[in-house]
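One structure is given below, encoded as structure tokens.
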Amino acid sequence: MQYNVIVIGSGPGGYVAAIRSAQLGFKTAIIEKYPTLGGTCLNVGCIPSKALLDSSEHFHNATHTFEEHGIDITDPKVNMPQMISRKAGVVKANVDGIAFLMKKNKIDVLQGVGSFVDKNTIKITASDGKETSITGDKIIIATGSKPTPLPFAPFDKKRIISSTEALEIKEVPKSMIIVGGGVIGMELGSVYARIGTKVSVVEFMDSLIPTMDGTMGKELLKSTKKLGMDFYLGHKVTSVVNTGDEVVLKAEPKNGGEAIELKGDYCLVSVGRRPFTEGLGLDKVGIELDRGKIVVDDHLKTKADNIYAIGDVVRGAMLAHKAEEEGVMVAEQIAGQKPHINYLLIPGVVYTWPEVASVGYTEEQLKADGKAYKVGSFPYKALGRARASMDMDGLVKILADKSTDEILGVHIIGARAADMIAAGVVAMEFRAAAEDVARMSHAHPTYMEAVKEACLAATANRPIHL
Ligand code: FAD
Ligand code: NAD
């Protein structure tokens, strides 16, 4: 078969690239090695983790906030097989949805491992070993990423596990050790802490979610401590051993001090993900890697001029919406258009409760760049909306240019931050000043009023409700 565009990998990068290519009139094929479409995000990432985050949050509320709301229920219990089965149903509905979209857009779906024969020919090896070949004018690599193991403690998938196994545990573990207080560690740590697991997080850096604005990590630490989670920040893990009945972790404070030993039913290792290119045969087409990532230019083109790469397998944040934007960008370039991605304005969200959401520069980045800036903050506890819903943890922090007042960063920790951050993206995309947002009417009572108030604080240090 001869195609205009062949996409390898069906995650959010790949399937969006395929849909946009088909919309632009290209005859398109997508190759996926697994039986279901949607990649990491839909099968073992964004969607199943959010399903469990929501279920566990309902349980947490039933056991912690319902009584105060005046709702009496007796002795709620976690039915873990049902929680996991609902999650599987959510995943199925989503991956079936992608299969429907492929059909609707007349995209050929080919199951098997795709590998380069030459720069226009891809061999597809099905799970029964059967091989077929197809050719394409343009190829888009969207093969994503895999969890990174600790070098001295590979995943055994029984007690030393990655996020993939952590989404499939069929009982409530008594205890779980988490290595890495980043996004996965804090999201899945919250899930298990809420349903009664004793969760201990060991993080190498001195703060949680260390790549985000420092205030976010500090506030998240305070909030998640309330779930009973224990934290060992600034600790270097020295060994993790599955002893059969449990897992034993040893770590030492990186700046000196007494070593610790933790025991748990599971050790979830969430120290980042690494790009996945195994079996692609990149050497046959002269494509280069830099620390495992496919090297691309500003237009996401590899060293081979008809081959592009997008998503987790290339530089930049490993986020589904970043991969999607890149999928659209490449398809539109192939069609001769001139699309553009503003990488500074790709938002980052951590779906804990309170949620954390950020866009633009962090305060640490502005300091390092020597940029003159001003800060405006507003706490959730001063919001009527937050009092009404009992979601008073959190704050909005606005960073603005000291002389022009242009918003340089929006950082929110609090209820519904994940949805609110879109307003920050819009404001920054249109290069709004803090005063522009401060003078816009925000509905009352909403959490978004905290954004308006933080902008008032940033622009003229005159919040109304503080
Ligand atoms: P992937 O989604 O990894 O898809 C790559 C696909 O390529 C896979 O299906 C793979 O099987 C296939 N493939 C690989 N090699 C071949 C080959 N040779 N032939 C055929 N097929 C191949 N991001 C967010 O933005 N929001 C979230 O809430 C979020 N939550 C997450 C939670 C967890 C637990 C995890 C692990 C990740 C989460 N992410 C989240 C990250 C997100 O899943 C990734 O950034 C996103 O999936 C990357 O998309 P991609 O298309 O680049 O690759
Ligand atoms: P991460 O980069 O978010 O966090 C890894 C953490 O582990 C960091 O805090 C790091 O300092 C720490 N760490 C690294 N090595 C360590 C060691 N040896 N000992 C102790 N701590 C160590 O990575 P992740 O949480 O594994 O997530 C992987 C990717 O998946 C991320 O890039 C993230 O963007 C994506 N993801 C996104 C979402 C979301 O958007 N909500 C959710 C889950 C995953």
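Full extension of the chain between Met205 and Asp245 gives 11.4 nm of extra length, using 0.36 nm per residue less the Cα-Cα distance. The distance linking region 49-94 with region 178-208 is 19 Å (Cα centroid to Cα centroid, whole angstrom). How many angstrom separate the Cα center of region 399-466 from the Cα center of region 252-267? The distance from the Cα centre of region 399-466 to that of region 252-267 comes to 41 Å. Rounded to the nearest 20 debye, the dipole magnitude of region 160-271 is 280 debye, with +1 charges on Lys and Arg beta carbons, -1 on Asp and Glu beta carbons, and the Cα centre as origin.
Among the DSSP helices (H) of the chain, those spanning at least 24 angstrom by Cα along their long axis with an average Kyte-Doolittle hydropathy of -1.0 or more are 46-64, 80-104; this is a geometric and hydropathy rule only. Shown for the chain: cysteine residues without a partner Cβ closer than 4.7 Å, namely Cys267, Cys455. Projecting the Cα atoms of Val396, Gly384, Ile413 onto the charge dipole of region 354-460, computed from C-beta unit charges around the Cα centre, puts Gly384 farthest toward the positive end.
Quick one: order Val375, Val7 by neighbouring beta-carbon count within 10 Å, fewest to most.
Ascending number of Cβ neighbours within 10 Å: Val375, Val7.
Computed over the alpha-carbon atoms, the chain gives an Rg to Rh ratio of 0.98, Rh here being the Kirkwood radius from the mean inverse distance. Each label was represented as a point 7 Å from its Cα along the Cα-to-Cβ direction; for Glu171 and Asn306 these points are 5.6 nm apart.
A straight Cα-to-Cα reach below 22 Å connects Lys263 with the lysines Lys157, Lys158, Lys170, Lys174, Lys198, Lys225, Lys226, Lys236, Lys250, Lys254, residues fewer than 8 places away in its own chain not being considered. Summing charges over neighbours of Gly272, with a neighbour being any other residue whose Cβ is under 13 Å away from its Cβ, gives +3 when K and R count +1 and D and E count -1.
Which of Lys157, Lys33 has the fewest other C-beta atoms within 10 Å, and how do the rest follow up to the most?
Lys157, Lys33
When peptides 232-240, 138-146 are sorted by average Cβ neighbour count within 10 Å, with the highest value leading, the order is 138-146, 232-240.
Just so you know, all these numbers are worked out from the coordinates, no wet-lab data involved. From a predicted model like this one, the values you see are computed outputs, not experimental measurements. Note that each Cβ is placed from the backbone with ideal geometry, even for glycine, and that neighbours are counted across all protein chains shown.
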